[in-house]
Amino acid sequence: MSRLLDKYGSWAVITGANSGIGQEFAKLLAKEGFNLVLVARRQPLLDELANTLKAEANIEVRPVALDLLEPYAVQTLAKGVADLDVGLVIPCAGVDEMGRFVEKDYASIDKMLDLNVKSPTELTHVFAKKMEGRKHSGIILVSSLFAYQGIPNFAAYAASKSYILILGESLNVELKSKGIDLTVLSPGLTDTPFSQNMAIDFSQLPMIAQKPADVARCGLNSLGKRSSNVSGLLNKFYAWENRLLPRWAPVKLFGFLIDRAIAVYGRRAAKSGAAAKAN
Ligand SMILES: NC(=O)c1ccc[n+]([C@@H]2O[C@H](COP(=O)([O-])OP(=O)(O)OC[C@H]3O[C@@H](n4cnc5c(N)ncnc54)[C@H](OP(=O)(O)O)[C@@H]3O)[C@@H](O)[C@H]2O)c1
């Protein structure tokens, strides 16, 4: 039996399981022998993933099609899994909000805050309470490298991820005595639909995209060992060197680089739009 299954089995709940890092958590945990509750909105994708994992890993999978922005979504999820011995929870679903803060529609910022901040906070609260009776349990919160400094054009998103980092580091200490290991995973740029759909040319930034499977593996390896971990060596360096600089310096630098990367993307999109019209 694997270290993870032995300590945190037998059921794991993963939100944002339909794609990217959440899906990779699901695949890795299936290989470790966990039974899985997979949460996301698109039912057909969830069912497809559930069937694949059941067939490949001989585990039980319960797909839960749920919009975490719906009122009482976390309570609905908790009720739906009340019969299961949940030992590991990974609230991974999250969205970005790129663009100038005052130019954004506030409703979309509000939704992002609900999904990135309120939903993982409530999930952690609800499941940590349930876990109190178990010997060992685990929670992996998903933050971001952007949590480590202000990021112009991602102001509210970066702030939402800072919240998760601080919440997680605090709870890592609070929950230890209850047998709950909590770690915060902070991915840098990761090759998923999340980053692929942003109107920004990431090749203009000094970043190397990681594979979502490597990022998820980093989160699982950190559980029970570290309160937080930044995935990838270069990302670790960025998070570390920030401590040596005045706080404004990396904020200004990233503001400049991101403005440029957005402008390059915009020019390229305009060119290809014009070319498509001409054909
Ligand atoms: N990719 C990166 O570069 C990167 C970097 C740093 C941090 N992160 C963080 O990593 C986490 C996962 O990101 P990812 O890159 O794996 O993103 P992703 O591929 O876009 O996956 C997001 C997942 O969340 C689900 N989801 C979205 N809105 C939802 C809602 N309202 N209710 C329920 N499920 C919802 C989506 O499925 P449905 O659409 O079917 O609901 C999907 O499964 C996020 O918290 C993100 O902030 C990502």
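The values are calculated or read from the model by the stated rules, or taken from the named source; none is laboratory data. All figures in this text were calculated on a predicted structure; none of them were measured in a lab. Because the Cβ atoms are built from the backbone with ideal geometry, glycine has one as well, and the counts that use them run over all protein chains shown. These area figures cover heavy atoms from the full protein model, side chains too; ligands, DNA and RNA do not enter into them. Shrake-Rupley method; radii C 1.70, N 1.55, O 1.52, S 1.80 Å.
If we keep just the residues of the stretch 190-214 that are of a type outside the set (S, T, N, Q), touching a residue at least 24 places away in the same chain (Cβ under 8 Å) and near the ligand (Cβ under 8 Å from one of its atoms), which is farthest from PHE256 (Cα to Cα)?
Among them, the one singled out is PRO212.
Within the stretch 148-188, how many residues are in a loop (DSSP other than H, G, I, E, B) and either at pLDDT below 95 or closer than 22 Å to GLU132 by Cα (or both)? Write out each step before concluding.
Taking the stretch 148-188 first, the residues in a loop (DSSP other than H, G, I, E, B) are 149-154, 177-179, 187-188.
Filter once more, keeping what is either at pLDDT below 95 or closer than 22 Å to GLU132 by Cα (or both): 177-179.
So the answer is 3.
Which one of PHE194, PHE256 is open to solvent by 90 Å² or more (accessible area, probe 1.4 Å) and assigned to a helix (DSSP H, G or I)?
PHE256 is the lone residue from the list that is open to solvent by 90 Å² or more (accessible area, probe 1.4 Å) and assigned to a helix (DSSP H, G or I).
Within the set of pairs 6 or more residues apart or between chains, which connect a residue that is among the basic types (Lys, Arg) inside the stretch 57-77 to a residue that is in a loop (DSSP other than H, G, I, E, B) with Cβ atoms less than 8 Å apart?
ARG62/VAL81; ARG62/LEU84
In the stretch 65-86, how many residues are over 19 Å from the mean Cα position of the chain (by Cα) and either over 23 Å from LEU45 (Cβ atoms) or in a helix (DSSP H, G or I) (or both)?
So the answer is 10.
With the checklist (1) in a helix (DSSP H, G or I); (2) touching a residue at least 12 places away in the same chain (Cβ under 8 Å); (3) of a type in the set (Val, Ile, Thr) in hand, flag the one item VAL95 doesn't pass.
(1)
Go through VAL61, VAL13 for me and flag whichever is open to solvent by less than 10 Å² (accessible area, probe 1.4 Å) and among the β-branched types (Val, Ile, Thr).
VAL13
I need a count of the residues in the stretch 74-95 that are within 15 Å of the ligand (Cβ to nearest atom) and either surrounded by 20 or more Cβ atoms within 10 Å (Cβ to Cβ) or modelled with pLDDT under 95 (or both).
So the answer is 8.
Open to solvent by 40 Å² or more (accessible area, probe 1.4 Å), among the aliphatic types (A, V, I, L, M) and within 16 Å of the ligand (Cβ to nearest atom): is that true of ALA107 in this structure?
Answer is yes for this residue.
Would you please list the contacts, defined by Cβ atoms under 6 Å and residues six or more apart or on different chains, that run from a residue in the stretch 37-48 that is under 21 Å from ASP83 (Cβ atoms) to a residue that is open to solvent by 60 Å² or more (accessible area, probe 1.4 Å)?
Filtered contacts from the stretch 37-48: VAL37/ARG62.
I need a count of the residues in the stretch 116-138 that are crowded, with 20+ Cβ neighbours inside 10 Å and within 14 Å of the ligand (Cβ to nearest atom).
Number satisfying all stated conditions: 5.
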